Amino acid sequence: KAGVTQTPRYLIKTRGQQVTLSCSPISGHRSVSWYQQTPGQGLQFLFEYFSETQRNKGNFPGRFSGRQFSNSRSEMNVSTLELGDSALYLCASSLPGRNTEAFFGQGTRLTVV
Amino acid sequence: SQQGEEDPQALSIQEGENATMNCSYKTSINNLQWYRQNSGRGLVHLILIRSNEREKHSGRLRVTLDTSKKSSSLLITASRAADTASYFCATYGSSNTGKLIFGQGTTLQVKP
């Protein structure tokens, strides 16, 4: 069974640009969540999608957005990039039930210069 | 916000020794999960323990859960150099959705 796939693995962007990250969940998983990991703040929840609907959102500015497609694949977008957006962005997928195991992808390392 | 606090923040041991990491959390939970992360890569799911379980084993891993103390521990027995990684505990927020709340993690170094 294929795991969670995130693309691209690495990305370098310039301040002010925007970026789109992609996440393909494990087959059959309909819940997809996104997290930001930085040395200073640790792992922080961005948002969760289930059946194409955002079900929960973390405490991030509106520059961070996401969506989920009918095949459960998800994308997150960050507009007007800032240096502080440099981080490892992780996607997790889980089965539809509540409080189930969450499986993570390898992450996308975003560097903003 | 971090729900969990992990202790110790860093641990260095020799191969063959056991490693114990502790995690505390604040709110009531349905389950608690442990993850491993190698050098800035993705999180690998290790084990999930439910609130009605006190102990769970998976290979060389042993996890305990004490809901009265809101704490959990992860024991790695007979450690190997390949166990060198950061270990995180995570629980779901009280909103009962897909929001996992992580501790700051324990960095484990196993010396050959």
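The residue that is surrounded by the most Cβ atoms within 10 Å (Cβ to Cβ), counting only those in the range A:45-56 that are in contact (Cβ under 8 Å) with a residue 24 or more places away in the chain and under 12 Å from the mean Cα position of the chain (by Cα), is A:Y49.
Residues in the range B:7-29 that are of a type in the set (V, I, T), farther than 21 Å from B:R60 by Cβ and surrounded by 14 or more Cβ atoms within 10 Å (Cβ to Cβ): B:I29 alone.
Listed here are the residues, each with its yes/no results for (1) at the interface with another protein chain (Cβ under 8 Å from one of its Cβ atoms); (2) touching a residue at least 40 places away in the same chain (Cβ under 8 Å); (3) surrounded by fewer than 21 Cβ atoms within 10 Å (Cβ to Cβ).
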position: A:G28; (1), (2), (3): no, yes, yes
position: A:T38; (1), (2), (3): no, yes, yes
position: A:L43; (1), (2), (3): yes, yes, no
position: A:G58; (1), (2), (3): yes, no, yes
position: A:S65; (1), (2), (3): no, no, yes
position: A:S70; (1), (2), (3): no, no, yes
position: A:R73; (1), (2), (3): no, yes, yes
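Criterion applied to B:A82, B:A78 was being aliphatic (A, V, I, L, M), in contact with a Lys or Arg (Cβ under 9 Å, 6 or more places away or on another chain) and surrounded by fewer than 17 Cβ atoms within 10 Å (Cβ to Cβ), and the one residue passing it is B:A78. Take the conditions (1) surrounded by 22 or more Cβ atoms within 10 Å (Cβ to Cβ); (2) within 11 Å of chain A (Cβ to nearest Cβ); B:V44 misses just one of them, which is (1).
Restricting A:T108, A:T7 to those that are surrounded by 12 or more Cβ atoms within 10 Å (Cβ to Cβ), out of contact with any Leu (no Cβ under 6 Å at 6 or more places or on another chain), of a type in the set (V, I, T) and modelled with pLDDT of 95 or more reduces the list to A:T7. In the set (1) crowded, with 21+ Cβ neighbours inside 10 Å; (2) assigned to a strand (DSSP E or B); (3) within 12 Å of chain A (Cβ to nearest Cβ), B:G98 fails one condition alone, (2).
Restricting A:L46, A:L81, A:L90, A:L95 to those that are more than 15 Å from B:G98 (Cα to Cα) and among the hydrophobic types (A, V, I, L, M, F, W, C) reduces the list to A:L81. If you check B:S68 against the conditions, is it more than 12 Å from chain A (Cβ to nearest Cβ), in a loop (DSSP other than H, G, I, E, B) and among the hydroxyl-bearing types (S, T, Y)? Here the answer is yes, as B:S68 does meet what is asked. Here the range A:82-105 is the region considered, the condition is being hydroxyl-bearing (S, T, Y) and under 13 Å from the mean Cα position of the chain (by Cα), and the residue that is surrounded by the fewest Cβ atoms within 10 Å (Cβ to Cβ) is A:Y89. Residues in the range A:9-26 that are under 15 Å from the mean Cα position of the chain (by Cα) and away from chain B (no Cβ under 14 Å): A:L11, A:Q18, A:V19, A:T20, A:S22.
The values are calculated or read from the model by the stated rules, or taken from the named source; none is laboratory data. Small disclaimer: the values here were computed from a predicted structure and weren't measured. Note: ideal-geometry Cβ built from the backbone for every residue, glycine included; neighbour counts use all protein chains shown.
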